[in-house]
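Novice: Handing you a structure now.
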Amino acid sequence: MLPGPEDHRVSEAGLLELSIGELAAKLARREAASEEVTRLALARIEATDGRLGAFLRVTPERALEEARASDRRRSRGEARGPLDGVPLALKDILLTEGVETTAGSRILRGFIPPYDAAVAERLRAAGAVTLGKLNMDEFAMGSSTENSAYRPCRNPHDLGRTPGGSSGGSAAAVAARQAFGSLGTDTGGSIRQPAGFCGVVGVKPTYGRVSRYGVIAFASSLDQVGPMARTVGDAALLLGAIAGHDPRDMTSSERPVPDYREGIESGVAGLRVGVPREWFQGGADAGVEGRVREALATFERLGARLVEVELPHAKYGIAAYYLVATAEASSNLARYDGVRFGLRAEGKGLREMYGHTRDQGFGPEPKRRIMLGTYALSAGYYDAYYLRAQKVRTLVRRDFDRAFESCDLVAGPVSPTVAFPLGEKISDPLQMYLADVYTIGCNLAALPGLSVPAGMHAGLPVGLQLIGRAFDESTLLRAARALEREVGPAPAPRAIG
Ligand code: GLN
């Protein structure tokens, strides 16, 4: 009997449920075409994004062109690997040639980059299809997407709640089956926290592992690009595609890139998992701590050894981060003056034009940070604030160095709570900053970290955070995969149908 329309719908919906690995296998066997899958993803975005708000810009013509090019390559036997023809999406902080890129800010409205970010270039070279640009907090400043100059993104598990931030759109789109994977950036937690809140896997690579060329700068000594995906294997695949040396980024590492999927199934037996004492002193909600402790128990049952470690300077991390990050941001954002990029406001003379452009173009959070950062860097205060923060940064890094003498990775919560309601923290910036308590140390110490689903609490995903030695993403992925085998990926979100 021929399949009826009903069966057709089931199989269509089924395609969007696949992991990248599964989709790649179907594409390779010619059981599906990239154009077909791309059309489904675009239709899904069309049907759901009015409510979700994950995208700032969808580029359907471009996506379909790329998909057809991929299908043609495939029919000639010239497919470029597992990402060829796979629909992905990019955080709007990554430059895309010919496609408006705003970093979630009004000041960059209408800015069309003349070149691609290195990571966009690499994904293109791998044959991936780009669906569009994803919503985010303005200049990646925030933890909820409520600082987006355009609209907040919502959590696909509960539309009244935040998807996290700043890469909230990147996490929500992947969780909501609009895209098979995405890229975000993480300066103080912006990949791991939204991954945790939306129930996807998010990897913040070691500083220097992924090129920052063409990434709109927030805090240059902390920023890294990383993947978000529904499975650990997919995240490993995406990381492998974007990692590697780039002479155009002088902080880019020349270390060879391993195959991150190799050894990913080999489990955690014999691994020493560090449990920071400071992270389990009642700072996290009971429901979050419960899932995290269960994950630790799972590791132990699978043959890992839990080791208590200390991160005595962790408590100064937020203060140090919000000085270093605002200082660097105040310098990086100086270039938006109405002359070269995006918005230009009217004014009598150059100075007034600068002033009006920056006043109208920046939202409250970048303004707050420009003022804080400029203050911290000003003569007379530099030693008291910026220099001190740099010293604390060294101490935070030494804490991790010491911890890694007795363990192979550190494990704990990503965030103190599950996804919080939109509106809850937006009027109190300090409360918003404090929610970054567990993620910031990893950036200050330039280490790799990830978030992997560790179960649900009150109907919302809980993320487990793993932090590793510099350039040891492989161990993190292996441990995350071991947990994923036990608890499974987060359930498909129900709030958007
Ligand atoms: N929430 C943090 C901040 O607002 C981290 C942001 C990020 O990682 N980009 O700075």
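Novice: Considering only the other residues whose Cβ falls under 12 Å of the Cβ of THR357, what net charge follows from Lys and Arg at +1 and Asp and Glu at -1?
Specialist: Here the count lands on +3.
Novice: Moving on. Among LEU123, GLN281, ALA325, pick out the residue whose Cα is farthest towards the positive end of the charge dipole of the chain, where Lys and Arg carry +1 and Asp and Glu carry -1 on C-beta, about the Cα centre.
Specialist: Highest projection toward the positive end goes to ALA325.
Novice: DSSP beta bridges in the chain, what fraction antiparallel, as a percent rounded to 5?
Specialist: Approximately 70 percent, going by the DSSP bridge assignments.
Novice: Let me ask another. Full extension from ALA345 to ASP259: what is 0.36 nm times the residue separation minus their Cα-Cα distance, to one decimal in nm?
Specialist: That works out to 26.1 nm of additional length.
Novice: May I ask you to list the trypsin sites (Lys or Arg not before Pro) in region 228-332 that are in a DSSP loop and have at most 13 other Cβ atoms within 10 Å of their Cβ?
Specialist: When the trypsin sites (Lys or Arg not before Pro) of region 228-332 are filtered for loop state and at most 13 Cβ neighbours within 10 Å, ARG248 remain.
Novice: Something else now. In region 236-374, with Lys and Arg counted as +1 and Asp and Glu as -1 at Cβ, which of these residues, ALA243, ILE264, GLY290, has the Cα nearest the positive end of the dipole, that is, farthest along it?
Specialist: Working it through, the farthest residue towards the positive pole turns out to be ALA243.
Novice: Go through region 108-153 and name the GluC sites (Glu not before Pro) that are in a DSSP coil and have 11 or fewer other Cβ atoms within 10 Å of their Cβ.
Specialist: Filter output for region 108-153: empty list.
Novice: Report, for region 55-189, the % of DSSP beta bridges that are antiparallel, rounded to 5.
Specialist: Antiparallel bridges make up about 40 percent of those DSSP assigns within region 55-189.
Novice: Leaving out ligands and nucleic acids, note down the accessible area per residue over region 322-416 with a 1.4 angstrom probe, in whole Å².
Specialist: Per residue, region 322-416 has an accessible area of 51 Å².
Novice: Average the reciprocal distances over every distinct pair of alpha-carbons in the chain, invert the result, and give the Kirkwood radius in Å.
Specialist: 22.5 Å
Novice: Need the full-extension length gain, GLU61 to ALA379, defined as separation in residues times 0.36 nm minus the C-alpha distance. One decimal, nm.
Specialist: Value of the extension gain: 109.3 nm.
Novice: Taking the Cα of ALA269, stepping 7 Å toward and past its beta carbon, and measuring to each backbone N in region 469-495: which are under 20 Å?
Specialist: Output list for this probe position: 475-487.
Novice: Would you be so kind as to identify which of VAL418, THR38, ILE370 lies farthest towards the positive end of the dipole of the chain, taking Lys and Arg as +1 and Asp and Glu as -1 on Cβ and the Cα centre as origin?
Specialist: ILE370
Novice: Once both labels are modelled 7 Å past Cα along the beta-carbon direction, what's the MET371-ALA492 spacing in nm?
Specialist: Each label point is offset 7 Å from its Cα along the Cβ direction, giving 4.7 nm.
Novice: Going by Cα centres, region 86-131 and region 285-359 are how many Å apart?
Specialist: Going from one Cα centre to the other spans 21 Å.
Novice: Note down the magnitude of the dipole of the chain about its Cα centre, charges +1 on Lys and Arg C-beta and -1 on Asp and Glu C-beta and zero elsewhere, to the nearest 20 debye.
Specialist: So the magnitude is around 520 debye.
Novice: Can you list which of the GluC sites (Glu not before Pro) found in region 269-378 are DSSP loop residues with at most 15 other C-beta atoms within 10 Å?
Specialist: Those satisfying the criteria are GLU310, GLU346.
Novice: Between region 158-194 and region 34-70, what is the separation of their alpha carbon centroids in Å?
Specialist: Rounded to whole Å, the Cα centres lie 17 Å apart.
Novice: Which value at 222 nm does the chain reach when only helices count, each DSSP H run of 4 or more adding -39,500 (n - 2.57), with the total divided by all residues and rounded to the nearest 500 deg cm²/dmol?
Specialist: So the calculated ellipticity at 222 nm is -12000 deg cm²/dmol.
Novice: What's the carbon and sulfur percent of the chain's accessible surface, probe 1.4 angstrom, rounded to a whole number?
Specialist: 52 percent
Novice: Checking the table LYS391/LYS425; LYS91/LYS367; LYS367/LYS391; LYS133/LYS425; LYS204/LYS367; LYS133/LYS315 against a 24 Å threshold on Cα-Cα, which pairs fail?
Specialist: Over 24 Å Cα-Cα: LYS391/LYS425; LYS367/LYS391; LYS133/LYS425; LYS204/LYS367; LYS133/LYS315.
Novice: Against the 2.2 N^0.38 Å scaling, with N counting residues, where does region 152-305 land? I'd like the Cα-based Rg ratio to two decimal places.
Specialist: 1.12
The values are calculated or read from the model by the stated rules, or taken from the named source; none is laboratory data. This one's a predicted model, so the numbers in the text were calculated from it and none came from an experiment. Glycine also receives a Cβ, built like all others from the backbone with ideal geometry; neighbour counts cover every protein chain displayed. Heavy atoms of the whole protein, side chains included, go into the accessibility calculation; ligands, DNA and RNA do not. Shrake-Rupley method; radii C 1.70, N 1.55, O 1.52, S 1.80 Å.
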